[in-house]
Each structure stands twice: as C-alpha cells, then as structure tokens.
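Encoded as structure tokens, the structure appears first; notes follow it.
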Amino acid sequence: MQTECSAGQLAFGEVSGRRIVADFAGGTITSDAGALLLGAADRAIGLTERFACCFTDTRAAHLVEHDIRALVLQRVAGIALGYEDLVDHDHLRHDPVLAILAGKLDARRARCAPLAGKSTLNRLELSRAEPGRYHRIKHDPSAIEARFV
C-alpha cells in the first residue's frame with residue numbers, strides 16, 4: 001500500500017530574527033522537537049512567566065547573561081523533557097530547541113552559551129527567601145504556592 005508523505009516544512013515563527021522551521025532535510029537535528037509544542041502551550045497559558053515572577057534577582061544586572069525568566073523556563077522545560085539532573089544542562093546549554101523556548105539563540109557575551117549551565121541553574125534551585133552574599137536570587141514561597149494551588 002502506497003503512503004502519502006508530506007515533505008513540507010512546519011513553521012514555528014521567529015526567534016532572534018531567525019525563522020524556526022521543522023523539516024526532514026537534516027541540518028541541526030534534535031530529538032526534543034516536541035518541546036516546541038510545549039513552548040507554544042507555555043506561551044498560551046503563561047505558566048513559566050508567572051512562575052518566574054515569584055523570584056527576585058539581586059545579582060549585578062550588568063554581569064547577568066541569563067535572566068530569571070530564561071532560567072525558570074530552561075529548568076521547567078528540561079524537567080518536562082526528562083532531564084531532571086542539573087548535570088544534563090552543561091550539554092543542553094547549547095541545545096537549539098531549548099534556546100528557541102528561551103527566546104535566546106545567541107549569548108550577548110563572547111564565550112557564553114545561549115543558555116545557562118548547571119552552576120547557574122543551581123543558584124536558582126538553591127535560592128532562599130532572603131538573598132545573602134552567595135545567594136543573590138531569592139524566592140517568595142507563598143507566591144510560588146499560590147501559583148500552583
């Protein structure tokens with residue numbers, strides 16, 4: 001029986017001035033392309049955006065490459081894709097699909113990856129209710145609870 005295949009492209013909009021398309025011609029390949037649908041659902045309901053509002057960043061703004069919104073989105077998407085360990089993110093920091101979800105295909109500074117590595121994400125996970133010398137990201141536990149209940 002003959003099957004009908006569609007060799008067309010699927011368009012996913014633009015990020016950083018670049019068209020995002022899915023096709024079967026090779027090039028940059030990922031096994032996590034389903035995350036694009038996850039990203040579309042997240043943008044529709046604003047979950048990670050609202051979750052990121054529960055954190056306050058007291059880091060020196062001029063030294064920050066990865067903002068709280070991108071960190072939260074990267075961590076939530078990583079968990080949803082089955083990457084529960086922070087160690088995975090040292091490789092994933094160069095992943096094109098996660099970069100598309102974060103809306104950041106290129107880093108602002110040379111020798112930086114578009115996404116955060118395990119050390120930066122660890123700062124988010126170890127955030128405290130009040131920032132300290134070594135913990136510059138703080139979270140509001142009651143706001144987090146209110147978002148998810």
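The values are calculated or read from the model by the stated rules, or taken from the named source; none is laboratory data. Note that the structure is predicted; figures quoted are calculated from it, not measured. Counting neighbours? That spans all protein chains shown, and the Cβs are built from the backbone with ideal geometry, glycine included. Surface areas here come from the heavy atoms of the whole protein model, side chains and all, with no ligands, DNA or RNA. Shrake-Rupley method; radii C 1.70, N 1.55, O 1.52, S 1.80 Å.
For this structure, a couple of remarks:
- Odd one out for residue 133, checked against (1) in contact with a helix residue (DSSP H, G or I) (Cβ under 8 Å, 6 or more places away or on another chain); (2) open to solvent by 30 Å² or more (accessible area, probe 1.4 Å): (1)
- Being among the small types (Gly, Ala, Ser), over 10 Å from the mean Cα position of the chain (by Cα) and open to solvent by 60 Å² or more (accessible area, probe 1.4 Å) is a property that residue 80 has.
- Considering segment 23-39, the residues that are of a type in the set (Gly, Ala, Ser) and over 19 Å from the mean Cα position of the chain (by Cα) include one that is least open to solvent (accessible area, probe 1.4 Å), namely 26.
- Checking the stated criteria, residue 64 turns out not to satisfy the condition of being open to solvent by less than 50 Å² (accessible area, probe 1.4 Å), touching a residue at least 40 places away in the same chain (Cβ under 8 Å) and either under 24 Å from residue 37 (Cβ atoms) or of a type in the set (A, V, I, L, M) (or both).
- Looking across segment 94-140, the residues that are touching a Ser or Thr at 6+ places or on another chain (Cβ under 6 Å) and more than 30 Å from residue 20 (Cα to Cα) come down to 131, 136, 137, 138, 139.
- Pairing residues of segment 22-39 that are over 12 Å from residue 82 (Cβ atoms) with residues that are part of a loop (DSSP other than H, G, I, E, B) and open to solvent by 40 Å² or more (accessible area, probe 1.4 Å), at Cβ distances under 7 Å and at least 6 apart in sequence or on separate chains, gives 22/9; 22/33; 23/9; 24/7.
- Top-ranked residue of segment 40-55 - restricted to ones that are in contact with a strand residue (DSSP E or B) (Cβ under 9 Å, 6 or more places away or on another chain) and buried (at least 16 other Cβ atoms within 10 Å of the Cβ), ranked as nearest to residue 131 (Cα to Cα): 55
- Search result, residues across segment 139-149 that are at pLDDT 90 or above, over 25 Å from residue 60 (Cβ atoms) and of a type in the set (A, V, I, L, M): 146
- Identity of the residue in segment 66-92, of a type in the set (D, E, K, R) and in contact with a helix residue (DSSP H, G or I) (Cβ under 8 Å, 6 or more places away or on another chain), that ends up farthest from residue 120 (Cα to Cα): 84
- Pair list, Cβ under 8 Å, 6 or more apart: segment 100-114 residue farther than 13 Å from residue 39 by Cβ, other residue open to solvent by less than 30 Å² (accessible area, probe 1.4 Å) and outside any loop (DSSP other than H, G, I, E, B): 105/15; 105/99; 114/99; 114/102
To keep it simple, each residue is scored yes or no on (1) surrounded by 14 or more Cβ atoms within 10 Å (Cβ to Cβ); (2) over 10 Å from the mean Cα position of the chain (by Cα); (3) at pLDDT 90 or above.
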| position | (1), (2), (3) |
| --- | --- |
| 58 | no, yes, yes |
| 70 | yes, no, yes |
| 93 | yes, no, yes |
| 107 | yes, yes, no |
| 137 | yes, yes, yes |
